[in-house]
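The values are calculated or read from the model by the stated rules, or taken from the named source; none is laboratory data. Bear in mind the structure is a predicted one, so any value in this text is a computation, not a measurement. Counting neighbours? That spans all protein chains shown, and the Cβs are built from the backbone with ideal geometry, glycine included. Surface accessibility is based on the protein's heavy atoms, side chains included, excluding ligands, DNA and RNA. Shrake-Rupley method; radii C 1.70, N 1.55, O 1.52, S 1.80 Å.
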Amino acid sequence: MSKTQTILKTERRRSREIFARAERVLVGGVNSPVRAFRSVGGEPLVIDRAGGQFLYDADGNELLDYVCSWGAILLGHSNPAIADAIADQARRGTSFGVTTELELELATLITQAIPFLEKIRFVSSGTEATMSAVRLARGVTKRDFIVKFEGCYHGHADSFLSQAGSGLATLGIAECPGVPQALAGLTLNVPYNDPEAVEKVFATHKGKIAAVIVEPIAANMGVVLPESGFLKGLREITQRDGALLIVDEVITGFRLRNGSAQELLGIEGDLTTLGKIIGGGVPVAAYGGRAEWMNHVAPLGPVYQAGTLAGNPLAMRAGIAALGQLTKPGLYEEMTRLAERLVRGLRAESERAEIAAQINAIGSLATVFFTTGPVRNYADAKRSDTERYARFFREMLARGVFFAPSQFEAAFLSAAHTSENIDRTLAAAHEALQVMAAAEPAV
Ligand SMILES: *Cc1c(COP(=O)(O)O)cnc(C)c1O
């Protein structure tokens with residue numbers, strides 16, 4: 001047995017037993033499809049607890065975590081300040097159904113970090129945020145069509161489920177049954193990084209498009225960076241036609257800096273959606289923008305949107321405790337430094353094993369695509385060898401390193417990851433890729 005393999009108790013008996021029972025009462029044994037590991041094979045994980053950069057499964061195995069709750073965990077698991085805030089609030093009450101000062105406090109932290117958000121509304125999931133932002137855009141423009149990009153994921157609302165990334169890409173679901181044709185027909189899909197395709201769709205639907213919704217850095221078909229001019233092009237086209245630009249920052253918000261990716265990329269959407277990180281690992285999301293638009297939301301305007309547990313004090317305390325730590329000097333720089341080392345190492349190891357891999361990365365986000373050419377849109381991403389990814393995933397997991405159980409997701413670093421963790425990951429990747437190379441002819 002080689003030096004990093006395998007600290008996993010290969011039986012994972014208790015995990016398997018729990019999952020088998022879960023499959024009887026939970027659909028597929030999960031509450032979100034990619035957790036079932038269908039595209040990578042192997043036994044789904046059953047996690048018992050987590051701390052820092054590690055997950056511990058029901059059999060007591062320690063896993064170095066690069067999923068980080070799909071990006072929600074930026075500061076590491078069971079972060080002490082967040083845990084204390086949640087425990088304290090649980091004793092003071094978890095939901096009052098009316099306004100608290102805590103909502104003001106979290107809203108203030110967010111609007112200070114993203115100054116062009118004048119007003120925001122808290123909801124409980126990213127799906128709610130994007131769905132509500134689209135409703136608002138339709139409400140203010142009095143138009144019905146929306147434009148989205150192939151391979152982007154904006155949650156599971158009806159309008160977003162065609163040619164979508166994330167779990168739909170993983171499971172190969174191009175169109176989702178249950179979405180009325182009349183509604184699906186109002187979503188116009190165009191390729192990412194293709195402003196000409198956007199021009200074209202605006203020309204054929206002149207004055208009828210309510211909004212363009214985009215991930216400023218795509219992270220749900222794997223990581224795909226916006227090319228120079230793409231986002232600025234969207235800003236210009238939408239402004240010219242009177243459509244709104246919705247920038248979906250559910251992943252990117254507070255991921256690359258203490259604020260939006262928009263500021264980094266030099267654009268400003270009309271509406272912005274946030275989620276994941278702003279809840280510190282508890283369900284919180286938000287949408288916001290200029291008061292000019294947000295004042296159309298009820299009770300100020302007629303665009304209705306509500307939530308029983310929206311802005312609940314437990315969630316707000318977790319969010320406040322999380323965002324309160326993001327001003328720490330060097331926090332983002334250190335995550336980027338480690339991620340860059342990981343990416344360089346993975347490139348070197350794939351070359352050494354003569355396994356074609358394309359690695360897209362920015363900040364603490366990265367994806368290893370098993371393909372030859374550059375990946376700049378969904379069509380490129382889909383050319384990846386997903387069987388090879390599955391093999392890589394299983395070999396890494398056997399060595400105690402948990403990457404996303406899908407080719408079409410990002411790897412996330414947290415502030416808890418260390419230089420030693422990167423060394424260990426690269427040692428595991430070296431072995432994994434060598435094992436893979438030995439098992440198949442090189443390309
Ligand atoms: C995760 C995600 C969503 C959906 O958020 P949920 O909380 O899972 O509903 C929306 N948009 C983007 C970009 C996401 O990554």
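Which shape class, rounded, prolate or oblate, goes with the range 60-174 when its Cα gyration tensor gives a ≥ b ≥ c as root eigenvalues, a/c under 1.5 marks rounded, and past that a/b bigger than b/c marks prolate? Walk me through the numbers on the way to the answer.
Details: a/c = 2.30, a/b = 1.21, b/c = 1.91.
Cα axes put the range 60-174 in the oblate bin.
Show me the ranking of peptides 90-99, 344-353 by mean Cβ neighbours inside 10 Å, starting with the highest.
344-353, 90-99
Hand me the GluC sites (Glu not before Pro) from the range 207-290 located in a DSSP loop with no more than 16 other Cβ atoms within 10 Å, in residue order please. Could the numbers behind the result be given before it?
Numbers: sites: 227, 236, 249, 263, 268; in loops: 227, 268.
Qualifying residues, ordered by number: 227.
With all distinct Cα pairs included, what does the Kirkwood hydrodynamic radius of the chain come out to in Å, to one decimal, could you say? It would help to have the intermediate numbers written out before the result.
Working: mean 1/r = 0.0445 Å⁻¹.
Here the Kirkwood hydrodynamic radius works out to 22.4 Å.
Would any residue of the range 350-382 have its amide N under 18 Å from a label point 7 Å out along Cα→Cβ of residue 200? List them or say none.
Under 18 Å, as judged by backbone N against the label point of residue 200, lie 376-380 of the range 350-382.
Keeping all protein chains in the complex and leaving out DNA, RNA and ligands, what accessible area do you get for residue 389 with a 1.4 Å probe, in Å² to the nearest 10?
Surface accessible to solvent at residue 389 totals approximately 10 Å².
Compare the peptides 211-219, 354-362, 172-180, 76-84 by average per-residue count of other Cβ atoms within 10 angstrom and give them in order, highest first. Intermediate results must be reported in sequence, preceding the final value.
Working: 211-219: 26.6, 354-362: 19.6, 172-180: 11.1, 76-84: 17.4.
Highest-to-lowest ranking by the protection proxy: 211-219, 354-362, 76-84, 172-180.
Calculated from DSSP H runs of 4 or more alone, at -39500 (n - 2.57) each and per residue, what is the 222 nm mean residue ellipticity of the chain, nearest 500? Walk me through the numbers on the way to the answer.
Working: 15 runs with 167 residues, N = 443.
One gets -11500 deg cm²/dmol as the mean residue ellipticity at 222 nm.
Ranking request for peptides 144-155, 332-343: highest mean number of other beta-carbon atoms within 10 Å first, then the rest in descending order.
Details: 144-155: 24.0, 332-343: 18.2.
Per-residue mean Cβ counts within 10 Å order the peptides as 144-155, 332-343.
Defining a contact as two alpha carbons under 8 Å apart and six or more residues distant in sequence, what relative contact order in percent does the chain show?
23
Tally up the carbon and sulfur contribution to the accessible surface of the chain as a whole percent, 1.4 Å probe, everything protein left in place.
Working: 9770 of 18510 Å².
About 53 percent, which is the carbon plus sulfur part of the accessible surface.
Any chance you could check the Cα centroid distance between the range 63-121 and the range 379-416 for me, in angstrom?
28
Does the range 152-225 come out rounded, prolate or oblate by the C-alpha gyration tensor, with a ≥ b ≥ c the root eigenvalues, rounded set by a/c under 1.5 and, if not, prolate when a/b is larger than b/c and oblate if not? Please report the intermediate quantities before stating the final value.
Numbers: a/c = 2.19, a/b = 1.15, b/c = 1.91.
Judged from the Cα gyration tensor, the range 152-225 comes out oblate (a/c at least 1.5, b/c at or above a/b).
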